[in-house]
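Everything on this sheet refers to the single structure shown next.
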Amino acid sequence: MIDKALRLLQSGRVERLEGDRYNVIGNHGTYNVVARDGKVMCTCPGFQSRRRCSHSSAVTILRARRRQRS
């Protein structure tokens, strides 16, 4: 899952919208990811059933990288 999240980031498929909202273009569609209060939530079916996915992992990695640069 982490490898897939890194590929999403490297290929520019994670787009930050306003605030803590992101669009992530996955292999099967575009999903909305929200990072709020230390939690990351995604609209993809995988996240809905397992509470984790490569889309939410990509946003978590992106946010951690931005914090490290600050």
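Each reported figure results from applying straightforward, stated rules to the coordinates on display, with no laboratory input. Since this is a predicted model, take the numbers as computed values, not measurements. Every residue, glycine among them, receives a Cβ derived from its backbone with ideal geometry; neighbour counts consider all protein chains shown.
Observations on the model:
- In this structure the amide hydrogen of G26, modeled in the peptide plane, comes within under 5 Å of the amide hydrogens of Y31, none closer than 5 places in sequence on its chain.
- Taking the Cα centre of the chain as reference, the dipole from Cβ charges on Lys and Arg (+1) and Asp and Glu (-1) amounts to some 240 debye.
- Correct option for Cα Rg over 2.2 N^0.38 Å [calculated from the coordinates] among [x] 1.25; [y] 1.00; [z] 1.67: [y]
- Phi-derived couplings, Karplus 6.51 cos²θ - 1.76 cosθ + 1.60 at θ = phi - 60°, listed residue by residue for the range 29-38: x, 9, 10, 8, 10, 10, 10, 8, 6, x Hz, with x used for Gly and Pro.
- Selection from A64, V34, C44 lying farthest towards where the dipole of the range 2-69 points positive, charges on Cβ: A64
- Note on R66 and Q10: the extension gain reaches 18.7 nm, defined as 0.36 nm multiplied by sequence separation minus the Cα-Cα distance.
- Using C-alpha pairs under 8 Å with a sequence gap of at least 6, the mean separation divided by the residue count of the chain gives a relative contact order of 28 percent.
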